[in-house]
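The values are calculated or read from the model by the stated rules, or taken from the named source; none is laboratory data. These figures come from a predicted structure and were not determined experimentally. Every residue, glycine as well, gets a Cβ built from its backbone with ideal geometry; the counts of neighbours run over all protein chains shown.
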Amino acid sequence: MIIRFITRLARDSKGATAIEYGLILSLIVITMIGAFVEVANTTVGMWGNVNTKMERARTNS
């Protein structure tokens with residue numbers, strides 16, 4: 001059933017366009033996920049740095 005739908009969609013020019021848009025959208029989503037992961041890692045590192053400096057300040061006073 002799904003294979004028949006995909007085959008019919010691939011033969012239709014509208015289906016080909018929909019598949020192309022789907023591939024473009026999937027690439028955009030993958031890029032966004034990668035960017036979010038990088039931002040999250042940077043943010044975690046930043047807060048870790050803040051925590052370390054706060055601990056040092058607390059022990060030095």
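Only one entry in 10, 35, 40 is surrounded by 10 or more Cβ atoms within 10 Å (Cβ to Cβ) and touching a helix residue (DSSP H, G or I) at 6+ places or on another chain (Cβ under 7 Å), namely 10.
Residues that are surrounded by 10 or more Cβ atoms within 10 Å (Cβ to Cβ), more than 22 Å from the chain's Cα centre (by Cα) and either modelled with pLDDT of 95 or more or small (Gly, Ala, Ser) (or both) do not occur anywhere in the stretch 22-29.
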